[in-house]
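S.K.: Can you keep this structure in mind? I'll have questions shortly.
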């Protein structure tokens, strides 16, 4: 079967590129950790909702998902303890929400069928892969950063989370492979689900980082990529439901304002020299500008 991996931001910046900038700014670093905490906490809710939708079937999957909830709750607890001990607020992170955008882009499937299982597991699998990529890159960046007591504490927590998240990826791969072995039709559905939810995840990922001029049109391009993985009859309704919000992008406009205000307050000269050119010219070059990392934190 096809093995899908997370793509770079706009085919330019890797997770390592971004995290190496993030760890150099304590404020952005802590906001990023809070976003991790929020994602782990939210996963508990989403996985619990899934268990209720499945209504006890199949039992082995219910058992696996229950353990998954336990893992995510433990990760949220570790991150919460870490942040509270450092005196950081554990509130809802500001800015464009990766989770909310991912869910907005999902296409609905009724529970009770193998197709529902395939699509659900593919969606979980692709987000877990992104999490592993970022936790791994974060650890790498921390090794290059000053070895302060705080950075060591952060690395210790992320180092405990990463192996369990990698286990979740392997678990998802096994379930998808098992479903694909049922028949050629099942294999085709698994491959299609990987493509579709890979495109959805990439779109959600980029929406949280790309706030530069023209981001709305790039979001539309991502939406069209997702629609191409659907049967022709479903494409029109999918695009009709999501295109208006994608073009207007109220969350993007609000995040732009927040990022601009933040950059101005931190350093008016840097705002004019770095933030404004980046906003106009887009995300370019070999290294992610500080504003990209700031957008992630926003």
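The values are calculated or read from the model by the stated rules, or taken from the named source; none is laboratory data. Predicted model only: the values in this text are computed from it and were never measured. When we count neighbours, we look across all protein chains shown, and the Cβ atoms used for this are built from the backbone with ideal geometry, even at glycine.
S.K.: Restricting attention to segment 116-149, which residues are without any contact (Cβ under 8 Å) to a residue 40 or more places away in the chain and either in contact with a strand residue (DSSP E or B) (Cβ under 7 Å, 6 or more places away or on another chain) or not in a helix (DSSP H, G or I) (or both)?
M.R.: 146, 147, 148
S.K.: Let me ask something else about it. Would a scan of segment 159-168 turn up a residue that is part of a helix (DSSP H, G or I), modelled with pLDDT under 95, surrounded by 16 or more Cβ atoms within 10 Å (Cβ to Cβ) and out of contact with any strand residue (DSSP E or B) (no Cβ under 7 Å at 6 or more places or on another chain)?
M.R.: No: zero hits.
S.K.: Inspect all residues belonging to segment 206-219 and state whether any of them is part of a helix (DSSP H, G or I) and touching a strand residue (DSSP E or B) at 6+ places or on another chain (Cβ under 7 Å).
M.R.: Yes; the residues of segment 206-219 include at least one that is part of a helix (DSSP H, G or I) and touching a strand residue (DSSP E or B) at 6+ places or on another chain (Cβ under 7 Å).
S.K.: Suppose we filter 95, 108, 112 for residues that are without any contact (Cβ under 8 Å) to a residue 60 or more places away in the chain, out of contact with any strand residue (DSSP E or B) (no Cβ under 9 Å at 6 or more places or on another chain) and at positive phi; which single one remains?
M.R.: 112
S.K.: Determine if segment 205-215 includes at least one residue that is touching a residue at least 60 places away in the same chain (Cβ under 8 Å), more than 19 Å from residue 119 (Cα to Cα) and surrounded by fewer than 17 Cβ atoms within 10 Å (Cβ to Cβ).
M.R.: Yes: segment 205-215 contains one or more residues that are touching a residue at least 60 places away in the same chain (Cβ under 8 Å), more than 19 Å from residue 119 (Cα to Cα) and surrounded by fewer than 17 Cβ atoms within 10 Å (Cβ to Cβ).
S.K.: If you don't mind, there's one more thing I want to ask. Could you identify the single residue in 113, 66 that is more than 15 Å from residue 43 (Cα to Cα) and surrounded by fewer than 21 Cβ atoms within 10 Å (Cβ to Cβ)?
M.R.: Just one listed residue meets the conditions, 113.
S.K.: Continuing with this model, one more query. Do we have any residue at all in segment 77-89 that's part of a helix (DSSP H, G or I), under 18 Å from the mean Cα position of the chain (by Cα) and crowded, with 16+ Cβ neighbours inside 10 Å?
M.R.: yes
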